[in-house]
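The values are calculated or read from the model by the stated rules, or taken from the named source; none is laboratory data. This is a predicted model, so every value here is computed, not measured. So basically every Cβ, Gly included, is an ideal-geometry build from the backbone, and we count neighbours across all protein chains shown.
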Amino acid sequence: MGQTIVYVVVSVVICVSFFAAVDHFLMDAQGLDFWYLLRK
Amino acid sequence: MGSVTRTKLMSIMALGAMIGLLLLPILVAIPALASDGGAPAAGVKKEGGDAKVEKGKDVYYKTEGIVSGPPAPKTTDSEKDYPRYNFESRVLLWFANQQHLYYGSFVLAVPIFCMVIEFMGVVTKDKAMAKRYDQLAYDFIKISLTAYSLTAILGGILIFTFLTLYPAFFQYLSGIFRPVMHIYALMFVAESGTLYIYYYGWDKMKEGFLKWIHLSMSVVLNVIGTILMFLANSWIGFMMSPAGVDEQGRYLGNIWHVIHTALWNPLNLHRILGNMAFGGGVVAAYAAYRFLSAKTDEERAHYDWMGYIAMALGVAFLIPLPFAGYWLMREVYAYRQQMGITLMGGLLAWLFIIQATMIGILFLSTNYYLWQALGRMRGAEKYQRYIKYLVFLLTCGYLVFITPHTIVMTPAELKAMGGQQHPVLGNYGVMSAKNGGINVIITTTVLSFVWYMRGNKVSTVSWSKFGNIFMGCFFFFAYLNIIMLAVYGYYIPANVRVGLSVPQVATTLSCLFFMFALNSVMMKGAKQMGPIEWGKISARSQYALIMLATAFTWMMGLMGYIRSSVRLFWHVNEIMRDNSPWAYTHTVGFAANMISANVLFFWISIMFVFWLGALGAKKAPVEAKAAVPGRAAAPAVGH
Amino acid sequence: MKALMSVGALIGVLGLLMLIGMIFGVIPSNTVRLVEGYMPMQVLSELAVFVAGFTGLSYLANSMGVAFPRFWQGVLFWAFIQTYLKFRIYPPIPFSVRAMYGTVSFVAVFMWVSANEEDWKKFRQPILNVLDANTGFHKALRTMYLILLPLLIGGFSFLTMKPSVDEPIELRTVHPAPPASTKVHGKTYTLQTSQNPYRVNLEGKFDQAYSNKLIVEQGMGRLMAPNANPWDDKAEGYLKYVREGGEIFFQNCHFCHGDNLNGRGLHAFAFNPIPANFTDPGTIAQLQETFIFWRVAKGGIGLPNEGFPWASVMPPWEQHLTTDEIWKVILFEYWHTGYYPRTWD
């Protein structure tokens, strides 16, 4: 059970950071700001 | 052997001739281009002896060029400019054009299939499979030959229709594209030559070094075919988004500018992908038909397998297609906002709702087929109970995707709604939601595919538990990201929102690439619960394939109609006006009927083509040949 | 697992009871409020909750040994979707959209029940039973269908083809394509490139990013941005123009477009189509300022035919306002609704 939780946590961290990076860098490549709403 | 060496030599010479034929028109064209003032941009070519050199400004590139052609003709509704039968010329041209495009698309797609499948046949380690792949590729190219001559016939009919019914327009267009049209014609020589040698030399070039030459020929064949399509696309691109001419339509000497219009490359990409998807659909439908009419289990197994391969290749190219289409639309908007609004916000908006419906049908059919295909694998039962959740995801995505922005409603409903927009549905009707919807649909299709790939296998790698959890997380967060981006779009300015589609696409494509890759790594040396029982698939799945093919065909017709009618009353957008009596936009109902008629005619004629293909078959079936022991001892592939 | 399914089942039952209440008018449609701003996701989430609930119910029924026939599962689920769409969502969804949704959900239910051979056999069984009519009950059922179906189909055809006294449906294009340029008060404006001369920053240069920070916050509070009150005496530049635009708006526009800019002005329901709701994400939020400029200046009669110029009572404001006033009003509209005008760069 503990092992499963470790796996889940690691997967979540990898996936969330991957998708955040994809969002950020692909918007950046178009000269746009992904974090627009948070900047206000 | 002397004969082998001679065959080798002849094959290499043939390949060289093909490449030469491919390059020759381009080589010949270079001096022609040079003297036409081929130097781009502001290069001023000194025309010795010309006293008055008139300059013009390119409508798109905004560069200066020397006027080298007549202005666009100002046509009148007369027998001179628009000779006619007692029938709408436009409809005749539409029919000729559409059929030519269907067949052209098919004959461009099939060689790509053959190239991929033949290559798979060469690199597969399993000898029996390799033979099957090879035979499959051969069967495909056989079908393509009849279709190829039909394409040429239809092309001829198309040109005659243009010449006889739209002489003023065609004279203008061919005046500008003269060298392109010549190269186009010469490329057909190359294409035919390559195709015939590729087909007829198949058996002679079966093994070893010759096989690699044969494969190279398939590559050359595809390059030629693709160039042909690119050249034809330049004419359409010019009609929609002219460049290289000034405001009066006078050619300014730079052939590259008239070819490389704003919409040329989006059209190129979209059409390559569309060809493959369409070709895959047609072949899959053929396989489905043969499956349903099969008398023996072997036949059923063979056509089930063929249908699966065709569908897989077609769908592989279908998945990036919406993104190519989105790029095309973005370029249209960037070129002329008006054209963009006419397409999706104004007159032609309802056609896009129909398109959304068709896209949904495509993906739903694909998913349905894959779920049926899970049924022919032992061990795939574990996925069956989750299918209803996939149905739910697909349905939600689909419902959002087809919600129209302009809703058809009675005035009573309008009053009940309190306005033109519905507070809930109105949100589904805009692009931010629709991107989310379609990406959810595509991700779900990827998920179905992954399940199919691992259907009858149990992973035996040491880290399989982590792998499974990771895959589940990845898909979950992919969905979350897509939906989050869709919702986010409502809260930010339009110019930022438009960019959100790129991360959404990337999310979906990440699922596709990474999950497929991870899955294949995880399935290395996996324990098979049972073989794939080819042929033991429900009839419903074959109907799904036929549905897929019909939907593809209908969509091609629809989008072609949209592409054409967005020009409204222009032959060449803003350059040459359409002054024929048919310079109006058809009603949506008429267009739909016309598209359906085209689809029906195409399918009847392609059935004829398939029948012709079967007519010529006198050889014994592949299975009998493969069973002969002597064959298996033939020299191994590869040197 | 069982606990989870039980909870799901409970939610499903509660949800169904509420829906039945809404169908029979026992409870109003807005009992569980569709939260403004979250409505689209809320609808999808509610459907997801219902699906989870039904799964739970089905699981519980199975574990108790009561098999709920697949056939009825499919039919009832489809019926549920139709009633949900018709009675839960308010304001009511037009029939054309419900028809589209109904067809899609029908296909979806079919895909679900026929996903594998076993389920498909189970689904088909009741139909085959009636067709085969091996028992007295099924014989009676088959005879009943034989009589009932033609009557229903005939009746439905009759009702559809019967002429009605309702106004015919109009397919008005809400966003017709604008012209490339428009001439207002003697000056020609190219729609793709013109800019609002009053959307300026402190240096007096066109700056959308600057104005975007000063608009009203979206969402339920509709609060003004801090230190961005146009009615402050010290307001300068953009904010001052917003105030001036507001004054023009309330002198000319709010009678139809409403004081909350939501298309619910005094005269709104005297017209068909009613005045545009600027707070809706489908109106000014999607459009360029030049588009709005064209619409305001040229009015309803300036629309192309696809926009039904004969039906729109939007006055051609160029006859009453200067171009500066028009630009300021547009500035105010975007400020008040908290939307950003569409741009291309």
- Query: So which of C:Phe77, C:Phe87 ends up being within 24 Å of B:Leu370 (Cβ to Cβ), assigned to a helix (DSSP H, G or I) and in the same structural domain as C:Val13 (by TED's automatic domain parsing)?
  - Reply: C:Phe77
- Item | Failed condition for C:Pro341, given (1) within 23 Å of the chain's Cα centre (by Cα); (2) within 13 Å of chain B (Cβ to nearest Cβ); (3) surrounded by fewer than 23 Cβ atoms within 10 Å (Cβ to Cβ) | (3)
- For the stretch B:92-137, the count of residues that are farther than 18 Å from B:Tyr199 by Cα and aromatic (Phe, Trp, Tyr) equals 4
- Residue among C:Lys121, C:Lys139 that is surrounded by 11 or more Cβ atoms within 10 Å (Cβ to Cβ), within 14 Å of chain B (Cβ to nearest Cβ) and assigned to a helix (DSSP H, G or I): C:Lys121
- Message: Checking B:Ala551 against (1) within 13 Å of chain C (Cβ to nearest Cβ); (2) surrounded by fewer than 20 Cβ atoms within 10 Å (Cβ to Cβ), only one condition comes out false. Which one?
- Response: (2)
- Query: Taking C:Pro92 and the conditions (1) in contact with a Pro (Cβ under 6 Å, 6 or more places away or on another chain); (2) without any contact (Cβ under 8 Å) to a residue 24 or more places away in the chain, which numbered condition does it fall short on, given that it satisfies the others?
  - Reply: (1)
- Elements of type helices (runs of 4 or more DSSP H) contained in the stretch B:311-410, each with 1 or more residues being modelled with pLDDT of 90 or more: B:321-335, B:349-374, B:387-402
- May I ask you to list the residues in the stretch C:107-118 that are in contact with a helix residue (DSSP H, G or I) (Cβ under 6 Å, 6 or more places away or on another chain) and either in contact (Cβ under 8 Å) with a residue 40 or more places away in the chain or more than 7 Å from chain B (Cβ to nearest Cβ) (or both)? C:Val109, C:Val113
- Message: Against the definition (among the hydroxyl-bearing types (Ser, Thr, Tyr) and more than 10 Å from chain B (Cβ to nearest Cβ)), how does C:Ser63 come out, yes or no?
- Response: yes
- Which of the residues that make up the stretch C:46-67 are surrounded by fewer than 14 Cβ atoms within 10 Å (Cβ to Cβ) and out of contact with any Phe, Trp or Tyr (no Cβ under 9 Å at 6 or more places or on another chain)? C:Ser63, C:Met64, C:Gly65, C:Val66, C:Ala67
- Query: Is it fair to say B:Lys295 is among the basic types (Lys, Arg) and not in a helix (DSSP H, G or I)?
  - Reply: yes
- Looking at (1) surrounded by 22 or more Cβ atoms within 10 Å (Cβ to Cβ); (2) within 14 Å of chain C (Cβ to nearest Cβ), find the lone condition where B:Ala310 falls short. (2)
- Filter the stretch C:185-212 for residues that are surrounded by 13 or more Cβ atoms within 10 Å (Cβ to Cβ), free of Cβ contacts under 8 Å to residues at least 40 places away in the same chain and assigned to a loop (DSSP other than H, G, I, E, B) and give the result. C:Asn201, C:Asp207
- Task: Collect the residues in the stretch B:414-444 that are of a type in the set (S, T, N, Q), farther than 25 Å from C:Pro168 by Cα and at the interface with chain C (Cβ under 7 Å from one of its Cβ atoms), keeping them in residue-number order.
- Result: B:Asn427
- Message: Looking at B:Ser520, B:Ser565, B:Ser538, can you tell me which residue is polar (S, T, N, Q), in contact (Cβ under 8 Å) with a residue 40 or more places away in the chain and closer than 26 Å to B:Leu347 by Cα?
- Response: B:Ser565
- Item | Among (1) surrounded by 13 or more Cβ atoms within 10 Å (Cβ to Cβ); (2) away from chain B (no Cβ under 12 Å); (3) outside any helix (DSSP H, G or I) - the single one C:Gly15 does not satisfy | (3)
- Exception for C:Trp310 within (1) assigned to a helix (DSSP H, G or I); (2) among the aromatic types (Phe, Trp, Tyr); (3) modelled with pLDDT of 90 or more falls at (1)
- Could you list, in sequence order, the residues of the stretch B:74-96 that are among the basic types (Lys, Arg) and either modelled with pLDDT under 90 or loosely packed, with under 13 Cβ neighbours inside 10 Å (or both)? B:Lys74, B:Lys80, B:Arg84
- Taking the stretch B:411-422 and keeping only residues that are part of a loop (DSSP other than H, G, I, E, B) and more than 12 Å from C:Glu170 (Cα to Cα), one is left with B:Gly418, B:Gly419, B:Gln421, B:His422
- Query: Just to be sure, is B:Tyr479 within 14 Å of chain C (Cβ to nearest Cβ) and either of a type in the set (Lys, Arg) or under 30 Å from the mean Cα position of the chain (by Cα) (or both)?
  - Reply: yes
- Message: Step by step: first the residues of the stretch B:372-413, then only those that are touching a residue at least 40 places away in the same chain (Cβ under 8 Å) and of a type in the set (D, E, K, R), then the one that is nearest to the other protein chains (Cβ to nearest Cβ). Which residue is that?
- Response: B:Arg376
- Pairs under 8 Å by beta carbon, first residue more than 7 Å from chain B (Cβ to nearest Cβ) and in a helix (DSSP H, G or I) in the stretch A:1-29, partner surrounded by 12 or more Cβ atoms within 10 Å (Cβ to Cβ) and among the polar types (S, T, N, Q), six or more apart or different chains? A:Phe18/B:Ser510
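Here is a yes/no grid of residues against (1) within 14 Å of chain C (Cβ to nearest Cβ); (2) among the hydroxyl-bearing types (Ser, Thr, Tyr); (3) within 30 Å of the chain's Cα centre (by Cα); (4) within 29 Å of B:Ala284 (Cβ to Cβ):
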{"position": "B:Leu485", "(1), (2), (3), (4)": "yes, no, yes, no"}
{"position": "B:Val498", "(1), (2), (3), (4)": "yes, no, yes, no"}
{"position": "B:Ala506", "(1), (2), (3), (4)": "no, no, yes, yes"}
{"position": "B:Ala517", "(1), (2), (3), (4)": "no, no, yes, yes"}
{"position": "B:Ser541", "(1), (2), (3), (4)": "yes, yes, yes, yes"}
- Message: Whether any residue in the stretch C:267-275 is more than 21 Å from the chain's Cα centre (by Cα) and either surrounded by fewer than 18 Cβ atoms within 10 Å (Cβ to Cβ) or outside any helix (DSSP H, G or I) (or both) is what I want to check.
- Response: yes
- Can B:Leu321 be described as away from chain C (no Cβ under 14 Å) and without any contact (Cβ under 8 Å) to a residue 60 or more places away in the chain? yes
